[in-house]
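Quick note: the coordinates plus some simple rules give every number you see, no bench work behind them. Only a predicted model underlies this, so the values are computations on that prediction, with no experimental measurement involved. Every residue, glycine among them, receives a Cβ derived from its backbone with ideal geometry; neighbour counts consider all protein chains shown.
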């Protein structure tokens, strides 16, 4: 079961201390056999300069077109990755019994955007070595994924505040909330609306340009639930057409009008001791797929609002969507530590893979190398999407302490945060052409003159 305690920030934006950092060159990474990833890699300690944020205006983030820069690790994530860099996340000492990192990193251009449980800011880190390149100040720790749209970055903190900065670091607006926010703000496709949900079962819609409050929706308390306490979590809002799908701790999924926040329909989903909806609903076609933390996974037909099928498994993170023989398949990350492939049409379980832990799994990332998934009590894994067979794993129990935040992949680079407070970078080796397989090459005439 995932950790359910809040880890609030106690120090400044970050401590100017020397981070623990390990690094392998890209050449070493590319030449290392994929099988070595299962064993403890050889690491060399390298002192890094102190983490000092550049003064505002001293760093050119993007070119004049405000488009993302090309990835430094272009190519396809097609092979099991090898270790590249590990760097301690910025922030001071964390005064908490347990430590978990919940901010899903975002790879954008040459930088990793992420929060830190021990900091009071959103950070832009170098994809090369994890060093701090820019700080977007907040009022408390940022433990949720940022949302980047055009030249704006939107994020929230555990103080309940939502921020909008431009990518150069200038604050555009803030909205003060009253409860911690642990999910990314949802921005509408037209860039007009920003919808934020907090752990107090409150959803608010803000003007994306000014931050002005447009409407709010508060879920009703469930007086019949078995547990007195709800989970310290909340799902993100899902905008689908002119509706916003929301999930709450009472196990309800509610659809409201995007323009007004008026309720259109609701459906009871979550069951058991923890019926809380903490995984974002996922819309696919006319279906809305959602899970209670304890159980179940359901497919809701949006036109009729009826449940088409259910499977008695729970989730803390959303499903991902794939295809198999032309049919839509859900990859469901269970709170029981198992990953399941489920037929979207019928709800039939196609295969099941166990992480050998009881920790909640992250949303699987569909890559050319397989399904990449993390465990809050384990490491990161690659699983074959056709058979459910494990292909690769990276697990350092003394160092990782689990992976609760969703990893990120761009090009050949994999980035994830460990619950011990480290940023990891791994690289999928380049696919090198066999010289004996090149077009027109005939090995039988190699030595002819």
Principal axis dimensions, largest first and in whole angstrom, of region 318-396 by Cα: 38, 24, 18
Per-residue Cβ neighbour rank within 10 angstrom, fewest leading, 400, 391, 414, 171: 171, 391, 400, 414
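Could you please rank 351, 309, placing first whichever residue has the fewest other Cβ atoms within 10 Å of its Cβ?
On the way: 351 15, 309 18.
Fewest to most other Cβ atoms nearby, the residues stand as 351, 309.
Which order do peptides 75-87, 135-147 fall in by mean Cβ count within 10 Å, highest first? Walk me through the numbers before you get to the answer.
Working: 75-87: 21.0, 135-147: 23.4.
Sorting 75-87, 135-147 by mean packing, highest first, produces 135-147, 75-87.
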Distance in nm between pseudo-label sites at residue 257 and residue 273 (7 Å out along the Cβ direction from Cα): 4.2 nm
Fewest-first ranking of 392, 102, 353, using other Cβ atoms within 10 Å as the exposure measure: 392, 353, 102
